[in-house]
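Everything below concerns the one structure shown next.
The values are calculated or read from the model by the stated rules, or taken from the named source; none is laboratory data. In this text, all values refer to a predicted model and were calculated from it rather than measured experimentally. FYI the Cβ positions are ideal-geometry reconstructions off the backbone, even for glycines, and counts take in every protein chain you see. With ligands, DNA and RNA removed, areas are computed over all heavy atoms of the protein, side chains included. Shrake-Rupley method; radii C 1.70, N 1.55, O 1.52, S 1.80 Å.
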Amino acid sequence: MKKIGGAGFLAVLLCAGLLTSCELLDGSGGGGTHPSLDQTEWILVRLDGRGLVAQTQITLDFEDARAGGYAGCNAYGGSFSTNAGGGLSFADVGSTDRYCPDPPGVMEQENRYLEAFLQVRRYRVVEDRLELSDADGKTLLVYERREELPMDPRDLVGTHWLLQSWNGAPPLEGATFTLAFQDGTAGGQAGCRTFVATYQAEGDDLRFLRLSMTETTADCTHHQWAQEGRYTTSLSETRNYRLDENRLDLLTAGGEVLTFTRMLIR
């Protein structure tokens, strides 16, 4: 993680990092409630009064005094503090350092989001909406609560799946992408090579860890190699899943949906 910096962020970073100098504000802030944010997950729907760039997703999760998520291209996070009157402040915020050329505008949107995030001083929850505002009460960021699905990770164990689409678009013709789960381990075909990984799952949360390829070379075209890279990246960015009898959807931090159909293995 890199510290978010630069001239545009310097003043708010100093304020966010030095809580003794930036007092959390009290007051009701115009309605809504101020419940504990711990163990909650949110998806951004409005940034400075505007919607998001198409095919992008920004998330914010709170867990054990840490807050962060996915800013559209990079992961970000830091610590957070609240008070009973709706005061909220973030500190020690950093992000990964990746450049995303697509979709157009995603990097500018990410910069605007992180700048707004560091200016947050208040919060309120209205039904299933989280609103974050600055010290003057201006609403900067509006999120909707992520719906948690009633999944049981034990239902993944022993299943085998064939990828049908990314966001409705099929893989390149002739390429095969599979995914099989055992107890704590997963693997399959990634188009050119096979892979193995460990995973952690709780409820509808799913993370693939330590993913590695089992071969070093394969006879593939440039487009096939690029698609393999996209598949393994999507697995590494998976955050949640939906499972029914014959279909598995993997939901990534960036909002992608990978749809698989069940394979019958005899």
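At a glance:
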quantity	calculated
Per residue solvent-accessible surface (Å²) - the chain, probe of 1.4 Å	51
Of Arg230, Arg242, Arg122, the one that fluctuates the most in a GNM where the chain has Cα springs shorter than 10 Å	Arg230
Sum of side-chain charges, Leu258 neighbourhood, beta-carbon under 13 Å (Lys, Arg +1; Asp, Glu -1)	+1
Point-charge dipole on Cβ atoms (K/R +1, D/E -1) for the chain, about Cα centre, debye to 20	340
Nearest-ten-degree value, helix 7-17 long axis tilted from longest Cα axis of the chain	80
Tensor-based shape of segment 156-266 (alpha-carbon gyration tensor, a/c under 1.5 rounded, otherwise prolate or oblate)	rounded
Whole-percent carbon and sulfur share, accessible surface of the chain, 1.4 Å	49
Unit charges at the beta carbon, dipole of segment 131-266: most positive-side option, Asn240, Val196, Leu251	Val196
Cα long-axis angle, helix 222-236 against the chain (0 to 90 degrees, to the nearest 10)	50
Equivalent ellipsoid semi-axes - Cα gyration tensor, the chain, angstrom	38, 20, 16
Length released on extending from Asp64 to Ala218, taking residue separation times 0.36 nm less the Cα-Cα span	51.1 nm
Choice from Asp134, Asp152, Asp205 showing the highest fluctuation, given a GNM over the chain with Cα pairs closer than 10 Å	Asp152
Sum of -39500 (n - 2.57) over DSSP H runs of 4+, divided by residues of the chain (222 nm, nearest 500)	-4500 deg cm²/dmol
Segment 82-136 shape via C-alpha gyration tensor axes, a/c threshold 1.5	prolate
Cβ-based charge dipole, the chain, positive-most Cα from Val142, Ala54, Thr185	Ala54
Net charge over other residues, Cβ less than 13 angstrom from the Cβ of Tyr143 (K, R count +1; D, E count -1)	-2
